[in-house]
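The values are calculated or read from the model by the stated rules, or taken from the named source; none is laboratory data. Keep in mind that what you see is a predicted model, and the values were worked out from it rather than measured. Neighbour counts run over all protein chains shown; Cβ positions are idealised from the backbone, glycine included.
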Amino acid sequence: MSKDDRAKDKLARKDFEKELKKLHGELVALQQWVVREGLKVCIVFEGRDGAGKGGCIKAITERVSPRVFRVIALPSPSSRERSQMYIQRYIPHLPAAGEIVIFDRSWYNRAGVERVMGFTKMDDVERFLRIVPSVEKAIVESGVVLIKLWLEVSEEEQTRRLQDRIDDPRKIWKLSPMDLDSYSRWYDYSRARDDMFAATDSPHAPWYVVPSDDKRRARLNVIHHILRTVPYESPPREKIKLPKRQKRGGYHEPSHPYRYVEPVF
């Protein structure tokens, strides 16, 4: 498919924004239901570098409360954390009642970046892959709705996006030396992904793959999948009417010499 054909096939911004507005309304309803019913929801985002995880998370969270939708993006482990049981640093961030927790990368770092970049031994990776289905079963049986999403991007589109990060000063912060190093290891990541799916795509915690070459379609499909997966209803709304403002009661505007921001625009 040529570049022009791909551009024609991508969802138009107008259509995207129209559908996103509807889905945002449903996410607000989901938020209210989760709080009201004390549900616990955990959403795991994984995928290749440049696959669009951050954009999907932003699309989910931009119209909801950060006190309900909590985004967890952990930094590299400290020396103390490296000495702990591997899953230990993630457990405290799992949702309590009335919360939706979104992991921007998760415990699956061990099966992905740590394996590919040689940060951990293969024995540790294999042990992780054997153990994690049982851990996730315990999480699900505790009442957590666990949603695991893998965003898959093509080689060509990943190259275009990473090059865009290099060329655009607004995006250069998204590009780390590790991104550049991992870029050359496409098939090492493919092998790691394949082994991860084979070991951890379980009936109680299945993986769902999201093709993300078209970012707009991917964002809509991710939100739609979340709304389908989490059982919710739109809570009843009372009619809201703004109250009357109080009377001035002798108030006078002050003569304080306010300092105003320079009106450049």
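For the stretch 66-91, give me the residue count where each residue is touching a Phe, Trp or Tyr at 6+ places or on another chain (Cβ under 6 Å) and exposed (fewer than 12 other Cβ atoms within 10 Å of the Cβ).
0
Looking only at residues that are assigned to a loop (DSSP other than H, G, I, E, B), modelled with pLDDT under 95 and among the hydroxyl-bearing types (S, T, Y) in the stretch 42-101, which one is farthest from the chain's Cα centre (by Cα)?
S83
Is at least one residue of the stretch 234-252 outside any helix (DSSP H, G or I), surrounded by 14 or more Cβ atoms within 10 Å (Cβ to Cβ) and in contact (Cβ under 8 Å) with a residue 12 or more places away in the chain?
The answer is no, given that none of the residues of the stretch 234-252 is outside any helix (DSSP H, G or I), surrounded by 14 or more Cβ atoms within 10 Å (Cβ to Cβ) and in contact (Cβ under 8 Å) with a residue 12 or more places away in the chain.
Where residues in the stretch 108-122 are in contact (Cβ under 8 Å) with a residue 40 or more places away in the chain and hydrophobic (A, V, I, L, M, F, W, C), which of them is surrounded by the most Cβ atoms within 10 Å (Cβ to Cβ)?
Among those residues, the one meeting the criterion is A111.
Just wondering, is there one or more residues in the stretch 201-217 that are surrounded by 13 or more Cβ atoms within 10 Å (Cβ to Cβ), within 30 Å of M117 (Cα to Cα) and without any contact (Cβ under 8 Å) to a residue 40 or more places away in the chain?
yes
Cβ contacts < 7 Å: first residue over 17 Å from P211 (Cα atoms) and charged (D, E, K, R), restricted to the stretch 1-21; second residue modelled with pLDDT of 95 or more and in a helix (DSSP H, G or I), any location; separation 6+ or different chain. Result?
E19/L220
With β-branched (V, I, T), touching a Lys or Arg at 6+ places or on another chain (Cβ under 6 Å) and either touching a residue at least 60 places away in the same chain (Cβ under 8 Å) or assigned to a helix (DSSP H, G or I) (or both) as the only criterion, which of V132, V125, V140, V145 stands out?
V125
So how many residues does the stretch 187-246 have that are of a type in the set (D, E) and touching a Lys or Arg at 6+ places or on another chain (Cβ under 9 Å)?
Final tally of qualifying residues: 5.
Per-residue answers, yes or no, for (1) over 15 Å from the mean Cα position of the chain (by Cα); (2) over 26 Å from M122 (Cβ atoms):
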{"residue": "T159", "(1), (2)": "yes, yes"}
{"residue": "W186", "(1), (2)": "yes, no"}
{"residue": "M196", "(1), (2)": "yes, no"}
{"residue": "D214", "(1), (2)": "yes, yes"}
{"residue": "L220", "(1), (2)": "no, yes"}
{"residue": "L227", "(1), (2)": "no, yes"}
{"residue": "V230", "(1), (2)": "yes, yes"}
{"residue": "E233", "(1), (2)": "yes, yes"}
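If the Cβ limit is 9 Å and pairs must be 6+ apart or interchain, which residue in the stretch 44-62 that is within 19 Å of L23 (Cα to Cα) and of a type in the set (D, E, K, R) pairs with which residue that is in a helix (DSSP H, G or I) and modelled with pLDDT of 95 or more?
Hits for this filter: K58/R219; E62/H24.
Residues to consider are S106, S154, S134; find the one that is at pLDDT 95 or above, in contact with an Asp or Glu (Cβ under 6 Å, 6 or more places away or on another chain) and of a type outside the set (D, E).
Checking each option against the conditions leaves just S154.
Which ones in the stretch 193-233 are in a helix (DSSP H, G or I), of a type outside the set (D, E, K, R) and more than 16 Å from A59 (Cβ to Cβ)?
Those that are in a helix (DSSP H, G or I), of a type outside the set (D, E, K, R) and more than 16 Å from A59 (Cβ to Cβ): M196, F197, A198, A199, T200, T229.
Can you tell me which of (1) assigned to a helix (DSSP H, G or I); (2) surrounded by fewer than 12 Cβ atoms within 10 Å (Cβ to Cβ) is the one P169 doesn't meet?
(1) is the only condition that P169 fails.
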